[in-house]
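Working notes, structure below.
The values are calculated or read from the model by the stated rules, or taken from the named source; none is laboratory data. These numbers come from a predicted model, not from an experiment. With ideal geometry, Cβ positions are generated from the backbone for all residues, glycine too; neighbour counts draw on all protein chains shown. Heavy atoms of the whole protein, side chains included, go into the accessibility calculation; ligands, DNA and RNA do not. Shrake-Rupley method; radii C 1.70, N 1.55, O 1.52, S 1.80 Å.
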Amino acid sequence: MRIARLLSLVLAILAAGVLLAPTAGSTPPFRLPGYVTDQAQTLNGSQRSEVEAAVDQLYTDRRARLWVVYVDSFDSLGAVTWAERTRQTSDLDANDAILAVATRDRSYAFQVPTDIVSNSASNDIRRDAIEPKLRRNDWAGAAVAAAEGLNTASAPGPGVSGFGLLVAVAILVVLVLLLWIWTRRRRRKRREAEFAAARRVDPSDPNALASVPLDALDDLSKSIVVDVDNAVRTSDNELVLAVEEFGDKDTAPFSKAVMTAKTTLAQAFNVRQILDDAVPETPAQRRDLLTRVVVAAAKADRELDSQREAFAQLRDLVINAPSRLDVMTQQMVDLTARLEPSQQALTALHNQFADTALASVAGNVDTAKQRLSFAEQNITSARSLLARPADRQGGLVDAVRAAESALGQARMLLDAVDTAATDINRAIATLPAAIADIQAGIKAAGDQLAQGGIAQADKLGAARDVAVRAVAEAQSAGTADPLGAFTKLTQADAELDRLLASVTEEREAAERLSRAYDQALFAAQSKVRAVSDFIDVRRGSIGPEARTRLAEAVRQLQAAQDRRESNLNDAIAHANGAAMLASQAQSMATSDAQAAARAYTGRYGSGGGSNMGAVLGGIILGNILSGGMGGGIGGGMGGGWSSTSYGGSSSGGGLGGGGGRF
């Protein structure tokens, strides 16, 4: 019995092996080693030469390649499937046709890209030339017939009417458009995912940032400077309130933290300015600069975070809430009383001057009304929360802080209207003297040119012409935009006086240069202050470009002041550069604010009311000295991401032909 069972087991194993073993002579798809492959041993020497000659002639005449392969069996695969897999394995493309013949299976496939001949032509060759030869076992004749048929068949052409051509073009345009939309969407999603991953990286670790893709690192640098700039601005505003309440001594550590954060953030903005200028950087240089931006901004955020808890203990708004609400209520009354006079002053300015002269304050009164309305809502809410038991006063601190920030921004908006009027009136009062001063410079330049022998005669003549045009513009259109005219005058006067100073050592020229510095410094300070106020009260909607220009303008302004004693010409150049950068920042900030307002209205409708102003002003997001990046001292940067992949196909067009039995 045991022997019988053992024999039965052996026979079963042998039967299974027979059933599972591959069919003898079958050939799986493989990479073709040459244009004629005869694994079935069907061709003799002369027949192989005949096939190779026909294949070579096809390539010579049409630059089309025909691959011929004979095997015994297609390995239990269909002929077309076997041929397609062999094409893929052999890296055949749009110029490669294949004729695959299984002699024992009496099956074949003939596949031709439509780039060589049309689908109907390849079917004709297969049906009328190849298949009859195969039925007669004329293996070489079938391959020769395939090569000659492809060689004599007409290449695919449009063959369509004008209307058909238009339809084809329209379809192509739609396909290209869809491909473009898909590619753009895929690129956007990939970049969003990379950015989300970048926000999870420790921003203070340069080694960790080295693994972040360059585009994601650029996005991260823009995001972080905006977040930290908002943090510094809001912290600075809260610090002002704390100093008023507790004095300089008790708030000294917080003042130091904010000042250190400002300095570090200024370094980050300085590097972003290098990235934004017209001088291109190599990828390695760009990565190094972006890493420096992110690390510097993260360091600034840590400076704020280091004092968060101590500052929160100092300003315990729950304990001090009743007195703070009384103070803020009085501030509400005072600021509300300023609305109408400020509106009248702004209307008078608009009646007198061009819109460009008032771009930074045009909507300040309306915006101040929104801030006051938001402050009133939060004061009312805070008083309601105070009436509750202590364990049900959640949200009290947030309401007090939101009201404080809104009142501070409303005050800044109304002060900006008064400052604008003061600056414009000063420009009006100073404009005649500036014109007289630059005219004196024009006359001095003319005298110097008349004497001759000047090394920089060409430059001095060009500067004099620019000054003449600036005077003409100021005299004809200076009343519409006095500050703008004044700025152009001071810039032209500064350049003219700089050149005059280089060709004469007279005291009068030096005095004019000093006055030009004072004028250039005033113009730059006015513009920088106006733009800074504009961004401050709209911080929730301003992007990194405007902030970067403003930060660079502040740096240039400081350089102008630092170099006054050592090099007056350089100081004036820095002041003029600051004014130019501030103008660029104003234009960018205005565009950002308008775009954000449109986006908010599109999402929430025109009924957003004062909340829209709070969002755009950065109030609704929280306060920095008690919350972290994007809302207070401290905080963190987080997010999630997932990687994506990309790819495509290598074939150039569709395949014609087919296969079957013979």
Qualifying residue in segment 460-478 (condition: at pLDDT below 75, assigned to a helix (DSSP H, G or I) and either buried (at least 20 other Cβ atoms within 10 Å of the Cβ) or among the acidic types (Asp, Glu) (or both)): yes
Filtered residue count, segment 226-251, keeping only those that are more than 12 Å from residue 311 (Cβ to Cβ) and small (Gly, Ala, Ser): 2
Whichever residue in segment 235-249 is among the acidic types (Asp, Glu) and under 20 Å from residue 411 (Cβ atoms) and, among such residues, is surrounded by the fewest Cβ atoms within 10 Å (Cβ to Cβ): 244
Subset of segment 252-279 [more than 14 Å from residue 554 (Cα to Cα) and over 17 Å from the mean Cα position of the chain (by Cα)]: 252, 253, 254, 255, 256, 257, 258, 259, 260, 261, 279
Any pair with Cβ under 7 angstrom, 6 or more apart, that starts in segment 25-39 at a residue that is at positive phi and ends at one that is in a loop (DSSP other than H, G, I, E, B) and of a type outside the set (Phe, Trp, Tyr): 25/72; 25/104
Residue in segment 273-283 that is modelled with pLDDT of 80 or more, under 30 Å from residue 310 (Cβ atoms) and either surrounded by 13 or more Cβ atoms within 10 Å (Cβ to Cβ) or not aromatic (Phe, Trp, Tyr) (or both) present: no
Which numbered condition residue 351 misses (of (1) at pLDDT below 85; (2) part of a helix (DSSP H, G or I); (3) surrounded by 13 or more Cβ atoms within 10 Å (Cβ to Cβ); (4) not hydroxyl-bearing (Ser, Thr, Tyr)): (3)
Search result, residues across segment 222-251 that are over 34 Å from the mean Cα position of the chain (by Cα) and among the acidic types (Asp, Glu): 244, 245, 248, 250
Of the criteria (1) farther than 19 Å from residue 231 by Cβ; (2) polar (S, T, N, Q); (3) modelled with pLDDT of 70 or more, which one residue 313 fails: (3)
Condition met for residue 102 (open to solvent by less than 40 Å² (accessible area, probe 1.4 Å) and more than 17 Å from residue 133 (Cα to Cα)): no
Of all residues making up segment 130-148, the number that are in contact (Cβ under 8 Å) with a residue 40 or more places away in the chain and open to solvent by 60 Å² or more (accessible area, probe 1.4 Å): 2
Close pairs (8 angstrom Cβ cut-off, 6 or more residues apart or separate chains): more than 27 Å from residue 213 (Cβ to Cβ) in segment 167-195, exposed (fewer than 12 other Cβ atoms within 10 Å of the Cβ) anywhere: 168/158; 168/160
Segment 498-519 - residue that is open to solvent by less than 60 Å² (accessible area, probe 1.4 Å), assigned to a helix (DSSP H, G or I) and modelled with pLDDT under 80 and, of those, farthest from residue 568 (Cα to Cα): 503
Of all residues making up segment 559-582, the number that are touching a Lys or Arg at 6+ places or on another chain (Cβ under 6 Å) and surrounded by 22 or more Cβ atoms within 10 Å (Cβ to Cβ): 4
Residue list for segment 210-229, filter: open to solvent by 20 Å² or more (accessible area, probe 1.4 Å) and either assigned to a helix (DSSP H, G or I) or hydrophobic (A, V, I, L, M, F, W, C) (or both): 210, 214, 215, 219, 222, 223, 226, 227
Lone qualifier among 232, 295 - being β-branched (Val, Ile, Thr), surrounded by 18 or more Cβ atoms within 10 Å (Cβ to Cβ) and closer than 28 Å to residue 410 by Cβ: 232
First in segment 59-84 and more than 16 Å from residue 139 (Cβ to Cβ) and without any contact (Cβ under 8 Å) to a residue 40 or more places away in the chain, second anywhere and open to solvent by 10 Å² or more (accessible area, probe 1.4 Å) and assigned to a helix (DSSP H, G or I), Cβ under 9 Å, 6 or more apart: 65/59
Long-range neighbours under 6 Å by Cβ, at least six apart or interchain, first residue on the phi < 0 side of the Ramachandran plot and crowded, with 24+ Cβ neighbours inside 10 Å within segment 250-269, second outside any helix (DSSP H, G or I) and not hydrophobic (A, V, I, L, M, F, W, C): 254/307; 257/307
Given (1) free of Cβ contacts under 8 Å to residues at least 40 places away in the same chain; (2) farther than 20 Å from residue 555 by Cα; (3) over 23 Å from the mean Cα position of the chain (by Cα), index of the condition residue 332 fails: (1)
Meets criteria (modelled with pLDDT under 90, part of a helix (DSSP H, G or I) and open to solvent by less than 10 Å² (accessible area, probe 1.4 Å)) for residue 585: no
Of residues in segment 179-209 being in a helix (DSSP H, G or I) and among the polar types (S, T, N, Q), the one surrounded by the fewest Cβ atoms within 10 Å (Cβ to Cβ): 207
Residue list for segment 595-625, restricted to those being assigned to a helix (DSSP H, G or I), among the small types (Gly, Ala, Ser) and modelled with pLDDT under 65: 606, 607, 608, 610
